[in-house]
Amino acid sequence: MGVDTPLDPSQRAFLDAYENTNNNLVLVGAPGSGKTHTMVELVRHAVHRGVSTERVLVLAATRHLASVLRTRITQVIDVPVRGAIARTAPALAYSLLSAHAAAQSQPLPRLITGPEQDHLLAQILAGHAQGLVPAPAWPPSVPPQTLSLRGFRDELRDLFMRVAEHGLTSGELFELGQRHERPDWCAAAQVLAEYDTVVELSSMQPDVGRRDDPARIVSSAADILSHWDTGGRPTYDLVIVDDAQEMTAATVALLQVLHRDGARIVMAGDPDMTVQGFRGASPRHLNQATFPRTAPGGFAAERLTLSTVWRSHPAVRERVREVTSAIASAGIVAHRRATSRHVNRAQDPQASPPDEKPTTVSRTQPGVEAHLAPSIHVETSAIVNTLRHWHIDEAIAWSSMAVIARSTAHLQRIRRALERAQVPVTVLGTDVALRDEPAVRGLLDVLALARDDTIDLDLVLRVLQGVYGGLDSLGIRQLRRHLRSAELRQDGARTSDELLIDLMATIRDHGHHDIPPHHVAAAAIGRLTAMIQAACTVMQGHTHDAQTALWAVWDAAQVAPTWRHIALSDSPASGRAHDDLDAVMALFRSAETHVDRMPDPSVESFIAFIEAQDLPADSLAIRNQSDHVVSLLTPQAAAGRQWQRVIITALQDGIWPNLTLRDSLLGSLHLVDILTGRASEDGGPRDSAARTDILHDELRSFALSLSRAQEHVMLTAVDDDEQSPSPFLHLAAPQPRPITLGDESGPLDMRSVTTAARAALHQALLREDAEQAHQLASLLAAMEPHTPASDPHTWYQAHPVSTTLPLFHELTTLPLSPSRVDVAQTCSLRWALETSGGQPASGLSQSVGTLIHDVAAHAPMGTITQFTQLLDERWDQLNLPPGWPAQRLRSQAQTMVGKLAQYTSMVRDDVVEVLVEHPFTVEIAGARISGSIDRVEILRSGDARIVDLKTGRTAPTQADTQVNPQLGIYQLAVLHGAVPGVEHTHGADLLYIATPTKKPTTRHQPPLTEPDNNWVTTLIEDTVTTMRSASMTAHRNRLCDQCPVRTSCPLHTDGRHLS
């Protein structure tokens, strides 16, 4: 017999209702209230009262949850179980279709994969375009050029999925299109009819069974089962649906057939926790189950509610309640009033159900806290430090912590940071498609390089920075500089972007490159050359199927031995190596399947096949044990799991929530609204209602993420010029705190300990403290087998200074730009490091600023109409993804050109000529200063007014402007003849057009009168002296927080070990 486990009164009341009535039942409970535990107890209760395990069926929302349920049920019932007692609805549907095929002596059915479905739709649409069959009459909202795009096929597949879930035929979809004046549905119905015909014809071969795509398999099983009148028909006495809020309309239809066959239906769920709405799940099905059997979705079920939350601490539970109260109710709200009775089982192991793992007494206060970071780097570092602090200082097991983000891209960034910090991690769930695995992405990109006639910059950068190229941003920068220098030596004018593309084209077409062996990028370019040439050789042959080409590229990479060695080692990178090898194996299996099944096994069709896959491949790798890793996952993958501590990151406005309409072209959500009776009565546009539905779906995923924690949740977001925190963050934690990276915890990983010990040894040697130096040297010697950084040969302190000569000792005249003079005067170390390649890539705000400068240059005295037209013409150059962030930037840009128009209107009467982006070169005080002035306004008096256009949000003080080096150098350049015909200046102005004011903000610098004896000349002389020094000094200043090289600065904790 199984071991009795405690149930609270509401759980016992539910089991009593099952025992004392024959009603169908619905159990509603808040997250952590023990719904799954109660369902497991219900199975035990039913089996011990004589129900055969073969007559019990438990449905789960995902394969993972089904596996967990099978394990738990087997443990408690102490009765042999034949077959899978718990499974997903699609798995049940496939087993029913297989059983029916066996009963009819037919071949087993076969699922049509997503890529196969996409391939079939592409062929049908191509046939229309070529005139092979009559094409549907698509409305103007679907232009002809979109029909060949994969995005359009994705919209078609989404619409067909909704049609299948509700059991519609192509004819019924056509009628709905006519009734609701949706010609796009009528056209889609014709495509669906052709698709059904193609699938049906492919199933007519004697050795091929029924074919169904994943969207239709559940509804097909319901239809087959309802018409199954021969022997061998599967029936059940008890059907339990856990996480019933994830049911689709097709699942409900299948349950109704099972119920008519005598099964008692029991559902458990929480309508506030639905996270699979993108697959057709709806929380309304849970409420509709209580409707009469004659009503749609009705089971005449009795509803009961769990009253106690056992998982979450009261402080966490209260914040979850605040979030769920903002969600549309779906007809059920009583469960939101559940109270928390979370107890630390380390103190009282009898106080809570067995679902909950023992917690550890810690110094972190239970509850929800929110932190705002000034940059993504700071946010990521804070997550790394927090996880290590919890593990080392508070003894929280790695497996008791999780990081949740809305998208896989954010998780991959966190994963890389955690792996660098030697934190064991694993990405859980089915959210990483095979095409997105780094090892696979690199191989596909190399094949694309070898195949495509045109090469774009994004592809080149992905290849260079991928796992096979391995170049970081500094390596890319150095490669750009090498190519650009070679170009200038030949008097060329191509940009570094063009040169990178030409480099890859040369490698592809001629198989060689001009990168010298000693260059930092030489090894990467050499490996990529071998891979690209291997692909080209295969693809130029008579037989170039995908499998052959893939093997040639992989063999040329020569990374298998290294990855295998790392995977079998105890290195923190072993998990990544396992995943990479696993992904490559999955890719080869896909290539083999593609060659066997597809009539066109070419490389082109294989790349399209993989790119279309939204689901990951099954794993062969030996994964990290769950007891020793931090879980990284999306809300969908987090469903059904729990941890002691949870970090929810990347809570950015426009990302979470993302209110972009999912069906803006073909209206699949509108179709669902019509089928469920929620469409607007006038049939008009429903964008506002659709966005409201999406907002509630986003709130559900956030509430689910929040509720995964037993005692503590940390929320993080970036708040800077480009990103702002999500309103969800303020909803859960109204008073977020800024993140500051301190060193109060000390080094928390082996690498940091090694660095700290090396720095301490260096200081001990300087102090001639032999005893401490000996102790530290012994410690480092003991650590050497575990970390290469302990080897003295890798220490820069152990080597003599390479040179004591000044930086520019060979030059008699120093090259300077006005902006670099300001940096050198503020902090000479920052100037030196940025000059050596430490400048960051431009962000979105900088890109928008560059665009505004271009607009201003093309219409020096333009009007708002002219500026707006120029902005519209150039906006697409930014290549921004659609969504709220892009809309916000566009609004900000419009505001800036509006203020620029105000300025031109104010000065129009005083200005006779405007020189824009005016270049100049002057030699002053041993420096050759070159640059360009945004605006030189020639006034009626003949003087020149210098105007420097600024798109930042904060203007300096008037006092700071009077000694602004950049404006001063511009004025001095004019006095030295930079503007022909102008001998005097009227001063210089900073023009700010992005400040939070109604009008543009200006700051004035008085005019310079003497070309030689002035403060600017003295400043340049001091700067030249600093730049000619052999050492650079770090200075604290107000710009330290935004410094791109602060991690190399000895004044800051980020870089303190460099001294």
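With respect to the conditions (1) touching a residue at least 24 places away in the same chain (Cβ under 8 Å); (2) within 23 Å of ASP960 (Cα to Cα), ASP1012 falls short on a single one, namely (1). Candidates are the residues of the stretch 183-235 that are more than 39 Å from the chain's Cα centre (by Cα) and of a type in the set (Val, Ile, Thr); the one that is modelled with the lowest pLDDT is VAL208. Considering only residues that are buried (at least 18 other Cβ atoms within 10 Å of the Cβ) and among the charged types (D, E, K, R), look in the stretch 823-859 and name the one that is modelled with the lowest pLDDT. For the stretch 823-859, the residue satisfying everything is GLU834. With the requirement that a residue be more than 18 Å from VAL821 (Cα to Cα) and outside any strand (DSSP E or B), what does the stretch 924-952 give you? The answer is ARG940, SER941, GLY942, ASP943, THR951, GLY952. Once the stretch 56-73 is narrowed to residues that are surrounded by 16 or more Cβ atoms within 10 Å (Cβ to Cβ) and of a type outside the set (A, V, I, L, M, F, W, C), the residue that is farthest from LEU238 (Cα to Cα) is HIS64. Among all positions in the stretch 292-312, there is at least one residue which is out of contact with any Ser or Thr (no Cβ under 9 Å at 6 or more places or on another chain), at pLDDT below 90 and buried (at least 16 other Cβ atoms within 10 Å of the Cβ).
The number of residues in the stretch 253-272 that are among the aliphatic types (A, V, I, L, M), in a helix (DSSP H, G or I) and surrounded by fewer than 24 Cβ atoms within 10 Å (Cβ to Cβ) comes to 3. Among the residues of the stretch 1-38, write down those that are in contact with a helix residue (DSSP H, G or I) (Cβ under 8 Å, 6 or more places away or on another chain) and in a helix (DSSP H, G or I). Listed by number, the residues that qualify are GLN11, PHE14, LEU15, TYR18, GLU19, THR36, HIS37, THR38. In the stretch 68-87, the qualifying residues are those that are assigned to a loop (DSSP other than H, G, I, E, B) and within 38 Å of the chain's Cα centre (by Cα), and the one that is modelled with the lowest pLDDT is ALA84.
Among residues of the stretch 366-394 being outside any loop (DSSP other than H, G, I, E, B) and of a type in the set (Gly, Ala, Ser), the one that is surrounded by the most Cβ atoms within 10 Å (Cβ to Cβ) is ALA373.
Would you be able to tell me the number of residues in the stretch 49-67 that are among the polar types (S, T, N, Q) and over 35 Å from the mean Cα position of the chain (by Cα)? So the count comes out to 2. Listed here are the helices (runs of 4 or more DSSP H) enclosed by the stretch 408-490 that have at least 2 residues being among the small types (Gly, Ala, Ser), under 22 Å from the mean Cα position of the chain (by Cα) and at pLDDT 85 or above: 438-451.
Number of residues in the stretch 134-156 that are surrounded by 10 or more Cβ atoms within 10 Å (Cβ to Cβ), within 30 Å of the chain's Cα centre (by Cα) and either outside the structural domain of GLN123 (by TED's automatic domain parsing) or not in a loop (DSSP other than H, G, I, E, B) (or both): the value is 7. Taken over the stretch 980-1024, the residue count meeting the criterion of being over 52 Å from the mean Cα position of the chain (by Cα) and not small (Gly, Ala, Ser) is 10.
The values are calculated or read from the model by the stated rules, or taken from the named source; none is laboratory data. Source: prediction; values computed, not measured. Positions of Cβ are backbone-derived with ideal geometry, glycine not excepted, and every protein chain shown enters the neighbour counts.
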